[in-house]
Amino acid sequence: MKRNLFFIKGTSLLIILLLVIGRINAQTPQYYVSYTGGNNSIPLNMYLNKAQWLYYPSEFTGGSISPGMITKVYFRHAFSGSTNIPNLVIRLGMTSITSLTSGPWHTLTTTYTAANHAFTGLVSGTWAEITLQTPFYYDGTSNLIFEMGQTGTSGGITVYQGSLGNNRRMYGETSLPNSSGADNQHLAFGFDMAPANCTGIPNSG
């Protein structure tokens with residue numbers, strides 16, 4: 001009888017653990033623009049290993065965006081398993097421009113760098129998340145540029161992207177000062193936010 005109870009408890013614990021792992025793999029960002037296909041090798045699976053994408057705040061699912069700090073970024077992908085990405089760099093920036101053109105890369109704030117970033121236990125069709133080393137202040141009203149780059153030529157991860165009416169992506173090589181081109185591809189991208197830290201001395205009362 002004790003063995004049966006131990007087996008039942010052990011099985012229940014395993015089921016709960018698997019459910020938790022599944023929830024981690026399937027976690028949805030707080031704010032996101034999502035696509036369910038359009039697998040693209042830029043920038044994590046070919047020599048064109050850097051891209052910048054442009055987003056309007058009105059495009060994000062999740063409601064009105066209050067000013068705060070972006071603490072995590074996400075991208076949706078078509079990869080299952082684990083892989084290492086060399087010299088992964090994440091940058092963010094706010095802008096008033098409404099489209100991207102081929103030419104010099106936009107100057108953005110570096111929020112994450114890793115000599116070797118390990119993506120583990122990825123499941124195709126879900127979100128891969130990256131916790132930023134330096135949270136980024138976002139006012140919630142400006143257009144947002146997201147950059148992802150690395151130095152490998154084939155990391156194995158293809159990302160989900162959709163097509164929009166104007167140019168929303170610049171792409172090229174991390175080693176070059178200018179992009180190779182611009183097009184209407186739009187990465188399935190999301191982020192989590194936390195309130196901005198208070199500054200100054202509070203008023204009395």
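Considered as a group, the residues in the range 143-157 that are open to solvent by 30 Å² or more (accessible area, probe 1.4 Å) and over 23 Å from residue 27 (Cβ atoms) include one that is modelled with the highest pLDDT, and that residue is 151. Checked against (1) out of contact with any Gly (no Cβ under 6 Å at 6 or more places or on another chain); (2) under 14 Å from residue 189 (Cα atoms); (3) surrounded by fewer than 20 Cβ atoms within 10 Å (Cβ to Cβ), residue 92 passes all but condition (3).
Yes/no matrix, rows are residues, columns are (1) touching a strand residue (DSSP E or B) at 6+ places or on another chain (Cβ under 7 Å); (2) β-branched (Val, Ile, Thr):
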| residue | (1), (2) |
| --- | --- |
| 43 | yes, no |
| 53 | yes, no |
| 59 | yes, no |
| 71 | yes, yes |
| 78 | no, no |
| 82 | yes, no |
| 86 | yes, no |
| 93 | yes, no |
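For the criterion of being surrounded by fewer than 21 Cβ atoms within 10 Å (Cβ to Cβ) and modelled with pLDDT under 95, residue 37 passes. Among residues of the range 45-59 being over 19 Å from residue 140 (Cα atoms) and not polar (S, T, N, Q), the one that is surrounded by the most Cβ atoms within 10 Å (Cβ to Cβ) is 51. Listed by first and then second residue, the pairs with beta-carbon distance under 6 Å, at least 6 apart or on different chains, first residue in the range 60-86 and open to solvent by 30 Å² or more (accessible area, probe 1.4 Å), second assigned to a strand (DSSP E or B) and of a type in the set (Phe, Trp, Tyr), are 61/32; 62/31; 69/137; 76/127.
Annotation: residue 125 fulfils all but one of (1) within 20 Å of residue 57 (Cβ to Cβ); (2) at pLDDT 95 or above; (3) surrounded by fewer than 21 Cβ atoms within 10 Å (Cβ to Cβ); the unmet one is (1).
The values are calculated or read from the model by the stated rules, or taken from the named source; none is laboratory data. What you see is a predicted model, and the numbers here were worked out from it, not measured in a lab. Because the Cβ atoms are built from the backbone with ideal geometry, glycine has one as well, and the counts that use them run over all protein chains shown. Ligands, DNA and RNA are stripped out before the accessible areas are found, and what is left, the full protein with its side chains, is counted by its heavy atoms. Shrake-Rupley method; radii C 1.70, N 1.55, O 1.52, S 1.80 Å.
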